[in-house]
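Working notes, structure below.
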Ligand code: PLP
């Protein structure tokens, strides 16, 4: 049996998304910037996708900037806003796309940074955030909606309210939650948000930046005038169409998918708790109301087989991750695990689910883990 439980790294393309993209790979190939009919056909498809995404988020089309994914959306925003904001408030639990970008901006002295305190369960200390805002009002606050390693969800309304009180601006990295949670941005005090299609069953290498009207960014690229001059370069036509389709499909079944996927996650929590003595769950990941229903980060007790755990799971056909896929290859624990003081003697396995998984797969995983874990 092959069980793919690494959906926080990437998801499978939906067949309907592939079908929607196919004409734009096979026959519609005009450059969207060309004024002739072939170009206009491509432009129309891009604008339709933009309109659909904007409608789903409750914003206007011109507030959606197409990018090559989450990382580019984050860089366009964070690097582009430094002429307006020179103090950032963020956390050490951010994805490297955010974390390293902020460290870079700090290093080249474009910004100073306050790193907010983290609670022992990996949540952002609201007290620390309030204090940081009181010390540095009018800052840019940069926080992720759903943590890609431990699954913690940010209390978005509370954070956006706090930013409002201190006249601060908020950027949200929603790469893990877009398409999985109903994001209604119309009434939120959010100036920018990043999303990436391959995390919600769309194609890889495409994403978007939501940029609230009147938020001024300097362009970090020099080139053509595409995407309000913020992302110069010919648009990824077929992928943009695919992303629009994927978000539409995901949005239409959010509640149903959530209920189904959450039941799989609960099954795994129960199964692992019954099978492995002293299993723990990182962050708020086992609390279904405070974490993403798509992710469970398990912490296995020290064991001679821990080094081989992922390898053995792979041999059994089970694809999971030790931490962040983007941070794989690193020998030491990820910066997130270090920030939450995870015991390095314990082994972390990130299970991340999609609607393509089944209860039979979860039962298989529990059975195999028991075999692997107690094989000696
Ligand atoms: N932000 C988060 C929370 C992520 O999980 C990822 C990817 O794993 C990114 C940003 C980067 O997105 P992309 O790979 O589309 O550049």
Quiz item: Given the Cα-Cα distance of residue 107 and residue 370 and 0.36 nm per residue of separation, how much length would full extension add, in nm?
Solution: 90.0 nm
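Among bridges DSSP assigns within the range 1-144, what percent are antiparallel (round to 5)?
Here the antiparallel bridges make up roughly 10 percent for the range 1-144.
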Self-check item: Coarse-grained scattering of the range 222-317 at q = 0.11, 0.18, 0.24, 0.25 Å⁻¹, given as base-10 log I(q)/I(0) from a Debye sum over alpha-carbon atoms
Solution: -0.60, -0.92, -1.23, -1.27
Quiz item: Quick one: if the Förster radius is 45 Å, what FRET efficiency do residue 262 and residue 232 give, using the C-beta to C-beta distance and rounding to 0.05?
Solution: 0.60
Exercise. Pop out the Kirkwood hydrodynamic radius of the chain from its pairwise C-alpha distances, inverse of mean 1/r, in Å to one decimal.
Key: 21.5
Self-check item: Crossing angle, helix 359-373 versus the chain [Cα axis fit, 0-90 degrees, rounded to tens]
Solution: 50
Exercise. Could you work out the relative contact order of the range 1-140, using alpha carbon pairs under 8 angstrom and six or more residues apart, expressed as a whole percent?
Key: 14
Quiz item: On a 0 to 90 degree scale, rounded to 10, what angle separates helix 156-165 from the longest Cα axis of the chain?
Solution: 50
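For every helix of n ≥ 4 consecutive DSSP H residues, a contribution of -39,500 (n - 2.57) applies; sum these over the chain, divide by its total residues, and give [θ] at 222 nm rounded to the nearest 500 deg cm²/dmol.
Numbers: 11 runs with 141 residues, N = 376.
After summing the helix terms and dividing by residue count, I get -12000 deg cm²/dmol.
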Quiz item: Remind me, relative contact order of the range 205-327 in percent, using alpha carbon pairs under 8 angstrom and six or more residues apart?
Solution: 14
Self-check item: Label-point separation in nm, residue 157 to residue 16, each point 7 Å along Cα→Cβ
Solution: 2.9
Quiz prompt | Rounded FRET efficiency, nearest 0.05, which uses the C-beta distance separating residue 341 from residue 288 and R0 of 22 Å | solution = 0.40
Quiz item: What is the packing order of peptides 192-198, 209-215, taking the mean over residues of other C-beta atoms within 10 Å and listing the highest first?
Solution: 192-198, 209-215
Quiz prompt | Between 0 and 90°, nearest 10: helix 254-275 axis offset from the chain longest Cα axis | solution = 30
Self-check item: Fewest-first sequence of 265, 216 by Cβ atoms within 10 Å of each Cβ
Solution: 216, 265
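Readers should treat all values here as calculations from the given coordinates under stated rules, not as data from a laboratory. Bear in mind the structure is a predicted one, so any value in this text is a computation, not a measurement. Counting neighbours? That spans all protein chains shown, and the Cβs are built from the backbone with ideal geometry, glycine included.
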